[in-house]
Every structure is written in C-alpha cells, then in structure tokens.
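Below is one structure; the comments refer to it alone.
The values are calculated or read from the model by the stated rules, or taken from the named source; none is laboratory data. What you see is a predicted model, and the numbers here were worked out from it, not measured in a lab. So basically every Cβ, Gly included, is an ideal-geometry build from the backbone, and we count neighbours across all protein chains shown.
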Amino acid sequence: MSSNKVIHAIYNDDDVLMDAVHKTRAAHHHIEEVFTPFPVHGLDKAMGIAPTRLAICAFIYGCIGLTVATTMMNYIMIQDWPQDIGGKPSFAYYQNMPAFVPVMFEMTVFFAAHLMVITFYMRSRLWPFKQAENPDVRTTDDHFLMEVAVHDNEAELVKFFQETGAVEVKVIDKH
Amino acid sequence: MYTFSSKLKTFSFVLMIVGILGIGYGFLTAPKTTADVEAILKAEEHHGGGHEANATAHDAHGTSTEHTAPAAGHDAKASAEHTEHLEHVLHQLQNKPWAALYVACLFFMLIALGALAFYAIQQVAQAGWSPVLFRVMQGITAYLLPGSIILFVLLLLSGLHFNHLFVWMKDGVTEVGHKNYDHLIAGKSGYLNFAFWIIRAAIFIAGWNLYRYLSRKNCLAQDEASDNSFYKKNFKISAAFLVFFIVTESIMSWDWIMSVDPHWFSTLFGWYVFASFFVSGITAISMVTLYLKSKGYLPNVNSSHIHDLSKFMFGISVFWTYLWFSQFMLIWYSNIPEEVTYFKTRIEHFNLPFFGAVVMNFVFPFLVLINTDFKRITWIIVMAGIVILLGHYVDFFNMIMPATVGDQWFIGIPEIASVLFFFGLFIFVVFNALTKAPLEPKRNPFIEESKHFHY
C-alpha cells in the first residue's frame with residue numbers, strides 16, 4: 001500500500017533493457033532509475049530525461065578560465081614586473097598578446113575540464129567516502145537494473161516486467 | 001539515380017563562361033610595358049596613395065633594401081632605381097592574372113583532394129556512419145582529375161617562363177656572377193630545380209588519381225559482388241594511399257605554395273595547408289549532401305550524419321587555427337629577420353585578408369557551430385560553409401599573392417572570374433559524376449549500420 005515499494009527488474013542485455021524501457025514508458029509506469037555497468041547510448045532519451053545542461057556550465061567555466069588567465073598574465077607580465085623578452089617590452093597586454101595565447105588557451109581548458117568534472121560529481125551526488133547507491137552489486141558487472149515505483153499494482157507490474165524479458169523481478173520495500 | 005538538373009547545368013555553364021571572359025579580360029588588360037606601369041602608378045598617386053610608400057615593400061624579388069635607401073642628389077642612381085622599380089611592378093602586374101588563376105585552380109583541386117583524404121580515412125577506419133555518403137564523396141573527388149590536369153598545365157607554363165610566379169625559376173638564379181644570382185636559392189637548387197619539381201608533381205598527381213580511380217572502381221564492383229573482397233581491397237589501397245598522401249601532400253605544399261617565397265620556410269607548412277584544404281573538402285561534402293537532400297535524394301542520410309559532418313567542420317576549423325597560430329607565434333616571438341618578413345609583408349600589405357581569414361575560418365565557424373542544435377540546421381550549416389570556403393580561398397590567396405603580386409594585389413575581375421570559372425567547372429564535373437552511379441552503395445558491409453546511424 002505504501003508508495004515506497006519499488007520493483008527491481010533485472011536484465012542481462014542492453015538491447016533488451018532499451019526495449020523494456022520503451023515498453024515501460026509506453027505503459028505509463030514511472031521509471032525511478034536505471035543502473036547499468038556501462039553507459040548505454042540513447043538510454044537518457046528513452047527514459048525521457050531532460051537534456052544535460054553540463055555544456056552550458058562548461059562554456060561558463062571556460063569563460064571564467066579565460067578571464068582568470070588574462071587578469072593573471074596582465075598582473076604578472078605587464079603591471080607587477082614588466083620584462084623585455086626577445087626585444088618585446090611588455091608595455092601593454094594587447095601588444096604581447098600572442099605570447100599569452102597559450103596560457104589563455106590552457107587555462108580555459110583547465111577550468112572548463114576540472115570544474116565540469118566536479119559539477120558532474122556533485123550533480124550525480126558522488127563525493128569521497130560516499131556509500132554506493134546501486135541496489136544490486138551485479139549492476140557493476142554484467143546486469144542492468146530498472147527501478148519502477150509501485151502504486152497498488154504489484155501483481156500487474158511483476159507480470160508486466162516478466163514479459164519484457166527480465167531475468168529477475170523483485171519487489172523491494174525501500175526505507 | 002541522380003539526374004543533373006538542367007537548371008544547375010546551365011548555372012555551371014554560365015559560371016564558366018563568365019569566368020573565361022573575366023580571365024581573358026585580366027590577361028588582356030595586364031600592362032605590357034613599363035610605360036603602362038608608369039601611367040598606372042601616376043593614376044594611383046592622384047588617388048592619394050603615393051607610390052614612394054609602396055616602393056619600400058618589394059620583398060618578393062629581394063630588392064627592398066635598394067629601394068629604401070635612395071641617395072639624395074644622385075640623379076642617375078635615382079632614375080636607375082626608378083626604372084628598376086617600374087620593371088618590378090610590371091612583373092607583379094603581369095603576374096596578377098596568372099596568380100589569380102593559379103590560386104583558384106589550386107584551391108578547387110585541393111577541395112577534391114581534401115574530400116579524397118577524408119574518404120580514405122573513412123575506409124581505413126571502417127567507419128560505420130559514413131557509407132551512405134561515399135558516393136557523394138566520390139562525386140566530389142571526381143573533380144580531382146580535371147582539376148589536377150589543369151594545375152599541372154599551369155605548373156608547366158610557369159616552368160616554360162610564361163609567367164614569373166616562381167622566382168627561383170628565373171634565368172641565372174643559380175649562376176655565380178649572373179645579375180639574377182641568388183646565393184640562397186643556389187644552395188637549394190639540388191631540390192628546387194624545374195626538372196625534379198615537375199617530375200615530383202607528375203608522380204603526386206598520378207598517385208592521387210590512381211587511388212581515386214581504383215577506389216571508385218572497387219566501390220562500384222562491391223555493389224554487385226557476392227562477398228566482401230572488393231571492400232577489403234579498398235581498405236588496403238586506402239591505407240596505402242593515406243601513407244602516400246601525407247608524404248606527398250607535405251612535399252606538394254612546399255613545391256607549389258611555399259616555393260613562391262623561396263627564401264622562407266616553415267616546418268609545419270604541410271600540416272597547415274592540409275588543415276586548410278581538409279576542412280574545405282569536408283565542407284564541400286556537407287554542402288553537396290545538403291543540396292542533394294533538399295532535392296529529395298539521399299533518403300537514408302539523417303540529421304545525425306549531417307551533425308557529424310558539422311562536427312568535423314567545427315573541429316578541423318579549430319585545428320586550422322591551432323596551426324595558423326603555432327606558425328605565427330613562433331616566428332613572431334623569435335623575430336628572426338629572414339623568417340619574420342613573411343608575416344611582416346602580410347600584416348603590412350595584406351592586413352584585411354590576413355586577419356579576415358582568421359575571422360572567417362575561426363571566429364565565425366567557432367561561434368556558430370559550437371552549439372549542438374545548430375550543427376543540424378541546414379541554413380546555418382550552409383551559411384557557415386560558405387564563409388569557411390570563402391575564408392579558405394582567402395587563406396590560399398594570402399599564401400600565394402604576397403610573393404607574386406606583392407602590394408599590387410586586389411580582389412578584382414581576374415580573381416573573382418577565376419574563382420567563378422573553377423566553381424562552374426567543379427559543379428559541372430561533380431554533379432555529372434553523381435549521375436553515373438546510384439547514390440547509395442548497395443553491398444557495403446556497413447551500409448545497414450550507416451542507414452540506422454543515430455547519434
């Protein structure tokens with residue numbers, strides 16, 4: 001009766017899983033989560049998950065990196081300690097800009113890459129010493145698990161998932 | 001089967017005829033004597049641009065120091081210098097229609113070669129996504145044969161002194177004591193001499209065309225085959241071609257492009273030229289695909305294929321910029337006179353095309369194509385593609401013109417007409433080749449994967 005009961009349907013093939021996800025969505029059952037041992041192409045679209053906004057974050061982080069690099073190089077090379085390297089005195093940032101481009105580029109990439117990874121971990125609720133959330137250890141090896149909410153339709157759901165090609169269907173009481 | 005619409009055919013003929021008229025006009029109006037040049041320079045002076053300023057910039061023939069130090073009062077010397085200057089400008093202006101023809105011819109030939117390299121990479125990588133596009137690529141590479149033959153004729157005419165595009169071919173350049181003697185070129189003459197140079201060109205062009213011919217033949221034979229033997233053959237010759245290609249491409253870029261500035265050299269020049277025509281070739285594939293798709297052909301090409309081509313356009317544009325900047329920055333930073341003169345002439349006399357090429361080939365495609373959704377919107381790809389192709393024409397213009405016409409450059413009738421002529425010929429050859437075979441390879445082992453390719 002309680003709404004924290006869930007079905008765990010376990011599959012041993014990603015194609016069967018994809019097929020089952022399509023059928024489950026068509027039958028209007030609510031998929032809570034799918035656990036897979038490797039990224040399955042197109043699974044996010046099949047589950048109806050909104051597109052990722054990580055790319056927007058990456059762009060913003062890149063802009064931050066570019067700004068940090070420009071500000072930093074301007075302070076170090078122009079304002080604080082100007083040097084005459086190879087007959088090119090550092091009077092203004094734009095004059096020696098080509099020399100600073102590699103730093104600007106690297107910092108853009110560095111900021112975009114690292115901050116994007118950190119964002120991804122935070123968004124996926126992953127941090128050091130965190131207990132694994134996956135309900136079945138076999139999902140780290142060769143099995144795929146779909147978690148579906150139960151709403152007073154336990155028997156019907158069990159039957160439905162057995163027909164989708166699941167190798168195992170369990171009803172779990174989530175606490 | 002694709003049928004070449006009469007409208008497009010007429011369009012290509014119109015381009016070719018307008019092109020030929022313009023090229024002819026360019027040759028006919030080129031000055032014949034120093035008197036003509038004097039009149040032209042006088043007219044220019046009245047427009048406000050004194051030619052004394054221009055006189056300082058003739059690195060092309062290596063005589064700049066003589067011009068920059070006119071001894072006051074020495075009338076005889078000044079008048080001798082003036083005649084020499086007039087002769088120099090005359091050569092530049094006589095080069096102009098030739099150089100315009102050469103740049104356009106080279107550019108369109110290299111588009112076909114870039115598409116051929118892309119096609120060979122697809123074969124060797126055994127790519128699953130691209131077989132539905134193979135016939136489009138083969139259509140574009142069909143231009144390689146006529147394009148490279150015309151280029152070879154132009155190279156031959158240069159060698160026979162019909163023009164002065166390659167200064168190292170001048171009489172007496174390698175003879176000690178001759179007035180044209182050039183110590184640096186003499187040192188390079190073991191490599192840079194007409195006979196060896198034209199033989200290399202013949203070998204390269206023959207090799208590329210041989211691969212294109214065999215690969216096309218095997219691809220068509222695979223359609224009717226009962227096993228994958230033709231496909232495997234194509235894999236092998238494509239791998240061999242890529243090795244041949246990357247070596248010959250590098251040497252080709254020194255021979256046909258870098259040698260117009262025979263004193264100057266850059267070790268990454270081959271890569272730089274490659275990036276430029278590789279992205280042009282990919283853009284051409286994308287544009288022809290979109291055109292055919294808009295006419296209702298290529299039903300199995302979906303938005304994921306288009307998306308992948310756009311990703312290549314974006315990625316190789318950035319790669320080009322990386323090489324452009326790498327070449328520039330090292331030379332700019334070390335500031336060695338014989339190296340930096342290359343960029344000095346470009347920044348001083350070709351400022352707009354030099355930096356304009358970076359805007360067209362990097363800034364614009366970068367900002368437009370970085371968005372995932374934009375990579376599959378037809379009008380955006382076409383717009384970006386036109387800018388990329390024009391931008392890479394300007395890039396080749398920047399490689400050839402400073403050494404051949406110097407500060408007398410102008411994108412006028414000869415330049416535009418040459419582009420129109422080769423564009424018309426390109427359209428005619430490419431779309432004619434597309435009618436010759438079904439637009440989809442039938443029995444390629446990856447054709448099913450390609451049809452269902454979904455990103």
- Task: Evaluate the following for A:PRO82: is it surrounded by fewer than 16 Cβ atoms within 10 Å (Cβ to Cβ) and within 14 Å of another protein chain (Cβ to nearest Cβ)?
- Result: no
- Message: Can you say whether B:GLU44 is within 25 Å of B:GLU348 (Cβ to Cβ), part of a helix (DSSP H, G or I) and at pLDDT below 80, as far as the supplied structure shows?
- Response: yes
- Test B:SER259 against the stated conditions and say whether it is farther than 24 Å from B:MET169 by Cβ, under 17 Å from the mean Cα position of the chain (by Cα) and not aromatic (Phe, Trp, Tyr). no
- Query: Yes or no: A:MET122 within 30 Å of B:ASP373 (Cβ to Cβ) and surrounded by 14 or more Cβ atoms within 10 Å (Cβ to Cβ)?
  - Reply: no
- Task: Please enumerate the residues belonging to segment B:308-334 that are within 14 Å of chain A (Cβ to nearest Cβ), touching a residue at least 24 places away in the same chain (Cβ under 8 Å) and touching a Lys or Arg at 6+ places or on another chain (Cβ under 8 Å).
- Result: B:LYS311, B:PHE314
- A:ASN74 vs. criteria surrounded by 15 or more Cβ atoms within 10 Å (Cβ to Cβ), of a type in the set (S, T, N, Q) and within 12 Å of chain B (Cβ to nearest Cβ): no
- Restricting attention to segment A:121-136, does a residue exist that is touching a residue at least 24 places away in the same chain (Cβ under 8 Å), hydrophobic (A, V, I, L, M, F, W, C) and under 16 Å from A:LYS174 (Cβ atoms)? no
- Could you list all residues from segment B:419-440 that are outside any helix (DSSP H, G or I), in contact with a Gly (Cβ under 9 Å, 6 or more places away or on another chain) and buried (at least 20 other Cβ atoms within 10 Å of the Cβ)? B:LEU439
- Task: State which residue is nearest to A:HIS28 (Cα to Cα) when the search covers only segment A:58-71 and only residues that are surrounded by 13 or more Cβ atoms within 10 Å (Cβ to Cβ) and more than 14 Å from chain B (Cβ to nearest Cβ).
- Result: A:TYR61
- Query: Taking only pairs six or more apart or across chains, which ones have beta-carbon atoms under 8 Å, a first residue in segment B:223-249 that is farther than 18 Å from B:GLN122 by Cα, and a second residue that is in a helix (DSSP H, G or I) and β-branched (Val, Ile, Thr)?
  - Reply: B:THR248/B:ILE203; B:GLU249/B:VAL273
- State whether the residues of segment B:280-301 include one that is over 13 Å from the mean Cα position of the chain (by Cα), over 30 Å from B:THR435 (Cβ atoms) and in contact (Cβ under 8 Å) with a residue 12 or more places away in the chain. no
- Only one residue in B:TYR342, B:TYR291 is closer than 30 Å to B:SER6 by Cα and either more than 14 Å from chain A (Cβ to nearest Cβ) or charged (D, E, K, R) (or both), so which one is that? B:TYR291
- So which pairs qualify, if the first residue must be in segment A:42-55 and within 13 Å of another protein chain (Cβ to nearest Cβ) and aliphatic (A, V, I, L, M), the second must be surrounded by fewer than 12 Cβ atoms within 10 Å (Cβ to Cβ) and not in a loop (DSSP other than H, G, I, E, B), the Cβ gap must be under 7 Å, and the two must be at least 6 apart or on different chains? none
- Query: If you go through segment A:89-117, how many residues are among the hydrophobic types (A, V, I, L, M, F, W, C), loosely packed, with under 15 Cβ neighbours inside 10 Å and within 19 Å of A:ARG53 (Cα to Cα)?
  - Reply: 3
- Message: Looking at segment B:375-401 only, could you name the residues that are surrounded by fewer than 18 Cβ atoms within 10 Å (Cβ to Cβ) and over 25 Å from B:TYR272 (Cβ atoms)?
- Response: B:ILE377, B:THR378, B:TRP379, B:ILE380, B:VAL382, B:MET383
- Query: In segment B:176-221, how many are among the basic types (Lys, Arg), in a helix (DSSP H, G or I) and over 15 Å from B:PHE134 (Cβ atoms)?
  - Reply: 2
- Could you check how many residues of segment A:24-52 are over 22 Å from A:SER124 (Cα atoms) and surrounded by fewer than 15 Cβ atoms within 10 Å (Cβ to Cβ)? 4
- Query: Only one of these conditions is not met by A:VAL21: (1) of a type in the set (Val, Ile, Thr); (2) assigned to a helix (DSSP H, G or I); (3) outside the structural domain of A:GLN162 (by TED's automatic domain parsing). Which number is it?
  - Reply: (3)
- Message: List the residue pairs whose Cβ atoms are under 8 Å apart, where the first residue sits in segment B:140-157 and is over 21 Å from B:ARG216 (Cβ atoms), the second is not in a helix (DSSP H, G or I), and the two are 6 or more positions apart or on different chains.
- Response: B:LEU157/B:ASN163
- Task: Evaluate segment B:365-372: report whether one residue or more is over 18 Å from the mean Cα position of the chain (by Cα), within 14 Å of chain A (Cβ to nearest Cβ), hydroxyl-bearing (Ser, Thr, Tyr) and assigned to a helix (DSSP H, G or I).
- Result: no
